[in-house]
Number of protein chains: 2
Amino acid sequence: MKELKEKIILEGSVLSDTVLKVDSFLNHQIDADLMKLVGEEFARQFQDAGITKILTIESSGIAPSFMAGLTLGVPVVFARKRKSLTLNKQLYVANVHSFTKKETNEICVSKDFLSADDRILIIDDFLANGQAVLGLMDIIAEAGASSVGVGIVIEKGFQDGGRMLRDKGIRVESLAIVQSLENGKVTFREEEQD
Amino acid sequence: MKELKEKIILEGSVLSDTVLKVDSFLNHQIDADLMKLVGEEFARQFQDAGITKILTIESSGIAPSFMAGLTLGVPVVFARKRKSLTLNKQLYVANVHSFTKKETNEICVSKDFLSADDRILIIDDFLANGQAVLGLMDIIAEAGASSVGVGIVIEKGFQDGGRMLRDKGIRVESLAIVQSLENGKVTFREEEQD
């Protein structure tokens, strides 16, 4: 997606060969106009998938998910992150390991908001190792619901999450795939659609 | 706001005389159509205030803030919640005490995203004791920026945050003011505009 890639080039900050900071429009400050385009693009790509609900994780996934939900006319559920296990029969729970932060968090979704009839689009801000998506998939499976695919704002193409998910047959649509952050420079994977 | 009050009556769950659960459209699942109306209503009420930025707190404030920001054509910044103090000169930090959870959290905003020129609208999902708004006001003051007022989705009119803020001369616009949750029933304060 052209507007997104231009924004990444303009405002993204390459902190290391693996860390891209996009706090100015996605992870802390939200560029509302850009996130509207992002959400609408997810809606366009998955418009024929019969989606009944969007599932994301707080907090950075909420703005693009909201806009996709608004466009598709479906509700958005954001999974909550939790540090510690509190046993609660009303929740679907999954563990998500962050290789960056070297910690495992629980994510949880109330059983009230996912049902076996749901056809769910997962949306998240970043895809690196794919652990967050796997956690959301676990929750969807627990609910007996179906996943129709995954919409990602920025995929780190040099990490293995995207390949791992696609190898499982999961449809993953990333609006920007960063091929490399080497030498402080963002290089996109070029075969992806704009 | 009529649509919001109807949704609260229809789906809100009164857990006690002080706790109203609205997980089905605001705090966990997001009703995108309703949050669009909510955000647009904040934008309408503050359209002449010269707003340059919207400030909220993750996570439930993000959807209505995003929609207000989109309508007003300004960016949205969401303050991050943190459990522990990590000294960081790049952050504005404030403490927010939750009487409900009996804990104090830090909220923080990067210095990159607030400046002395900013005229800021605060938006939050709930107003009870007003501690979150005071924390956001502290951060705005630290940045030397101006606050033009506060937009609240649901105010608990039986707690003292709304009066405390209005007594300070702060403009507070709440789209629904709950006067009482007694006997398991939601009663709205009726003098408020619909």
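Here are the numbers for the structure shown:
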read-out: Reachable aspartates and glutamates from A:LYS101, criterion Cα separation under 19 angstrom, eight or more residues apart if same chain; value: A:ASP17, A:ASP23, A:GLU58, A:ASP124, A:ASP125, A:GLU155, A:ASP160
read-out: Residue-averaged [θ]222 nm for chain A, counting only DSSP H segments that reach four residues, each worth -39500 (n - 2.57); value: -8500 deg cm²/dmol
read-out: HN-Hα J in Hz across the stretch A:18-27 - Karplus 6.51, -1.76, 1.60, θ = phi - 60°, x for Gly and Pro; value: 10, 10, 10, 9, 10, 5, 7, 9, 9, 9
read-out: Other-copy label distances relative to B:GLU103, 7 angstrom Cα-Cβ extension, nm; value: 1.1
read-out: Estimated vicinal HN-Hα couplings, Hz - the stretch A:174-190 in sequence order (Karplus 6.51, -1.76, 1.60; Gly, Pro = x); value: 10, 7, 8, 10, 7, 7, 7, 10, 5, 6, x, 10, 7, 10, 8, 6, 8
read-out: Label point 7 Å beyond Cα along the C-beta direction, distances from A:SER115 to other copies (nm, shortest first); value: 5.0
read-out: Over the stretch A:141-194 - Rg/Rh using Cα atoms and the Kirkwood inverse-distance radius; value: 1.07
read-out: Residue pairs, from the table A:LYS81/A:LYS111; B:LYS36/B:LYS168; A:LYS53/A:LYS102, whose Cα atoms sit over 19 Å apart; value: B:LYS36/B:LYS168; A:LYS53/A:LYS102
read-out: Stokes-Einstein D in µm²/s, Kirkwood radius over Cα pairs - the stretch B:19-127 at 20 °C with 1.002 mPa s viscosity; value: 144 µm²/s
read-out: Cα Rg, Dmax, chain B, angstrom units; value: 16.0, 49
read-out: Amide hydrogen neighbours beyond the local backbone of A:PHE188, cut-off 5 Å, H modeled; value: A:GLN179
read-out: Nonlocal amide H pairs with B:ASP118, under 5 Å, H built at 1.01 Å; value: B:SER146
read-out: Estimated FRET transfer efficiency when R0 is 45 angstrom, pair A:SER180-B:THR104 (beta carbons, to 0.05); value: 0.60
read-out: Extension gain, A:THR18 back to A:GLU142 (0.36 nm per residue minus Cα-Cα distance, nm); value: 41.4 nm
read-out: Approximate spin-label separation A:LYS168-B:SER115, in nm, with each point projected 7 Å along Cα-to-Cβ; value: 4.4 nm
read-out: Over chain A, relative contact order from alpha-carbon pairs under 8 Å, at least 6 apart, %; value: 19 percent
read-out: Distance from the stretch B:97-149 to the stretch B:33-95 (C-alpha centre basis), Å; value: 10 Å
read-out: Simple Cβ-charge dipole of the protein assembly as shown, Lys/Arg +1 and Asp/Glu -1, about Cα centre, in debye nearest 20; value: 980 debye
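Just so you know, all these numbers are worked out from the coordinates, no wet-lab data involved. Since we're looking at a predicted model, the values are computed, not measured. Neighbour counts run over all protein chains shown; Cβ positions are idealised from the backbone, glycine included.
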